[in-house]
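One structure, pasted below without further comment.
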Amino acid sequence: QVHLAESGGGVVQPGGSLRLSCQASGNIFSIGFMGWYRQTPGKERDVVATISSIGRENYATSVKGRFTISRDNANNTVSLQMNSLKPEDTAIYYCNAWIQPSDLTGASDYWGQGTQVTVSS
């Protein structure tokens with residue numbers, strides 16, 4: 001079994017910062033892309049940022065220059081540093097990873113349970 005566990009959400013004032021972390025655990029052979037997505041009520045889940053296994057980063061236009069994604073391959077973790085937060089960043093944030101399990105049954109997408117980020121004064 002593979003499991004993604006997120007942490008770090010919360011409530012912050014506009015202009016503030018939060019750091020989200022996600023650790024993959026279980027019977028993992030390898031991890032490809034990792035990333036963060038977010039979703040608000042009534043809307044589709046949108047990509048925020050992704051990072052490849054060799055560290056190539058991509059960001060949604062709305063967060064470029066404010067958010068930074070990073071990963072620690074030794075510990076199977078991905079993090080999202082969010083600075084200069086705006087009310088429109090309020091959403092549930094989900095961790096995502098493309099994982100090949102140790103039993104080599106086939107790689108697939110795995111998702112965390114989501115963590116709420118609220119930006120409000």
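What whole-number value in Å² describes the accessible area per residue of the chain for a 1.4 Å probe?
54 Å²
Given the protein chains as shown and a 1.4 Å probe, how many square angstrom of Lys64 are accessible, to the nearest 10?
Number for this one is 130 Å².
Per residue of the range 61-78, what does 6.51 cos²θ - 1.76 cosθ + 1.60 with θ = phi - 60° give for ³J(HN,Hα)? Whole Hz please, x for Gly and Pro, Karplus curve as stated.
Karplus-based 3J(HN,Hα) across the range 61-78 equals 4, 5, 10, 4, x, 10, 10, 9, 9, 8, 9, 10, 5, 5, 10, 6, 10, 10 Hz.
Accessible surface of Thr118 in the full protein assembly, 1.4 angstrom probe, to the nearest 10 Å²?
So the heavy atoms of Thr118 present about 40 Å² to solvent.
Follow-up. If the viscosity is 1.002 mPa s and the temperature 20 °C, what translational diffusion coefficient in µm²/s does Stokes-Einstein give for the chain when Rh comes from Kirkwood over Cα pairs? Walk me through the numbers before you get to the answer.
On the way: Rh = 14.5 Å.
In µm²/s, the coefficient is 148.
What number, in percent, do you get for the relative contact order of the chain if the mean sequence gap of Cα pairs under 8 Å and at least 6 apart is divided by its residue count?
Relative contact order of the chain: 36 percent.
So who's got an amide H within less than 5 Å of the one on Thr90, skipping anything under 5 residues away but keeping other chains? H placed 1.01 Å off N, in plane.
Val119
Now for a different question. Report Rg (one decimal) and Dmax (nearest whole number) for the range 5-60, counting Cα atoms only, units Å.
My reading of the Cα-based Rg and Dmax gives 13.6, 40 Å.
Mind putting a number on the dipole of the chain about its Cα centre? Charges go on the C-beta only, +1 for Lys and Arg and -1 for Asp and Glu, and I need it in Debye to the nearest 20.
Roughly 300 debye, rounded to the nearest 20.
If you don't mind, another one. Among Gly35, Met82, Gly16, flag the residue with its Cα farthest along the positive direction of the charge dipole of the chain, charges on Cβ as +1 for Lys/Arg and -1 for Asp/Glu.
Most positive-ward Cα: Gly16.
Sticking with this structure for a sec: Please list, in chain and number order, the residues 5+ apart from Gly114 or on another chain whose amide H is under 5 Å from its amide H, with Hs placed from the backbone.
Distant-sequence amide H within range of Gly114: Glu6, Cys95.
So who's got an amide H within less than 5 Å of the one on Leu85, skipping anything under 5 residues away but keeping other chains? H placed 1.01 Å off N, in plane.
The list, which skips near neighbours in sequence, is Gly15, Gly16.
Can I ask one more? Enumerate by residue number the GluC sites (Glu not before Pro) in the range 32-121 meeting two conditions: DSSP loop (anything except H, G, I, E, B), and at most 11 other Cβ atoms within 10 Å of the site's Cβ.
Listed in order of number, the matching sites are Glu44.
The values are calculated or read from the model by the stated rules, or taken from the named source; none is laboratory data. Model, not experiment: these values are computed from the prediction. Note that each Cβ is placed from the backbone with ideal geometry, even for glycine, and that neighbours are counted across all protein chains shown. Surface accessibility is based on the protein's heavy atoms, side chains included, excluding ligands, DNA and RNA. Shrake-Rupley method; radii C 1.70, N 1.55, O 1.52, S 1.80 Å.
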